[in-house]
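Contents: one structure, followed by commentary.
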Ligand SMILES: C[S@@+](CC[C@H](N)C(=O)[O-])C[C@H]1O[C@@H](n2cnc3c(N)ncnc32)[C@H](O)[C@@H]1O
């Protein structure tokens, strides 16, 4: 098990629900900060949740994706609760948005949710769902494999870190400790985790091995 882990925090079933006030009494939130999600929801609720969470704290909310699927749902399907003040960004790759657009927003990121370029779990490569996703990525000219997923998340992290607020949280899906990996981590952020830890974040999650979801905090303690 890696160091820098606070085992006192039990992970919620949906990682961003850790933002509920009961867990987070201390996070400073004002309009100089923003919330960024890279990988918009496909109906599971993350974008709607973060839209409402950011709006409740007077922060801008940006969600970044390579498809306009989420934007279309929010615009056209009342079940999604409306676009509200969501800033949708449809891009060729999330890392390019982090590098080229994010610095010009003039905001510090209080909450960053990284859950995008899909991960292929061992043994599921041949399943129809994965094959469909691989074909979807290929139609965009992208090879969907785990090396490319990690590199995309690593670059996003590299470009986001200089824009993170001193007090901030990075929520990560599909990432877990792995003794066999040279970084000690595997999954989407397997190669991003060393950057995050070197920037002063600690991992707060008791059940991260089971859930494969991480919450990384800097300057703020979760309850
Ligand atoms: C697992 S889903 C996101 C789920 C959502 N965050 C949630 O918690 O419900 C992954 C999303 O990442 C998007 N995606 C894939 N490659 C990407 C990239 N390079 N940059 C940004 N988004 C990407 C996909 O289009 C898809 O919508």
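The values are calculated or read from the model by the stated rules, or taken from the named source; none is laboratory data. Worth saying up front: this structure is predicted, and the values here are computed from it rather than measured. We place every Cβ from the backbone using ideal geometry, glycine too, and count neighbours over all the protein chains shown.
Of all residues in segment 129-145, none are within 16 Å of the ligand (Cβ to nearest atom) and buried (at least 20 other Cβ atoms within 10 Å of the Cβ). Contact map, segment 42-60: first residue free of Cβ contacts under 8 Å to residues at least 40 places away in the same chain and closer than 16 Å to residue 15 by Cβ, second residue within 9 Å of the ligand (Cβ to nearest atom) and part of a loop (DSSP other than H, G, I, E, B), Cβ cut-off under 6 Å, separation 6 or more or different chains; pairs are 47/40; 47/41.
Report whether or not residue 173 is farther than 29 Å from residue 104 by Cα and touching a strand residue (DSSP E or B) at 6+ places or on another chain (Cβ under 8 Å). So residue 173 fails the test. Taken residue by residue, segment 133-143 has no member that is more than 23 Å from residue 62 (Cα to Cα) and in contact with a strand residue (DSSP E or B) (Cβ under 8 Å, 6 or more places away or on another chain). Between 208, 164, the distinction of being in contact with a strand residue (DSSP E or B) (Cβ under 6 Å, 6 or more places away or on another chain), at pLDDT 95 or above and crowded, with 20+ Cβ neighbours inside 10 Å belongs to 164 only.
The residues in segment 68-90 that are near the ligand (Cβ under 9 Å from one of its atoms) and more than 16 Å from the chain's Cα centre (by Cα) can be counted, and the count is 1. When 30, 65 are screened for being surrounded by fewer than 23 Cβ atoms within 10 Å (Cβ to Cβ) and either away from the ligand (no atom under 11 Å from the Cβ) or under 15 Å from residue 168 (Cα atoms) (or both), only 30 passes.
Residue check: is residue 155 in contact with a helix residue (DSSP H, G or I) (Cβ under 7 Å, 6 or more places away or on another chain), away from the ligand (no atom under 13 Å from the Cβ), more than 16 Å from residue 37 (Cβ to Cβ) and not in a loop (DSSP other than H, G, I, E, B)? Answer is no for this residue. Here residue 174 fits the description: within 11 Å of the ligand (Cβ to nearest atom), over 13 Å from residue 216 (Cα atoms) and surrounded by 21 or more Cβ atoms within 10 Å (Cβ to Cβ).
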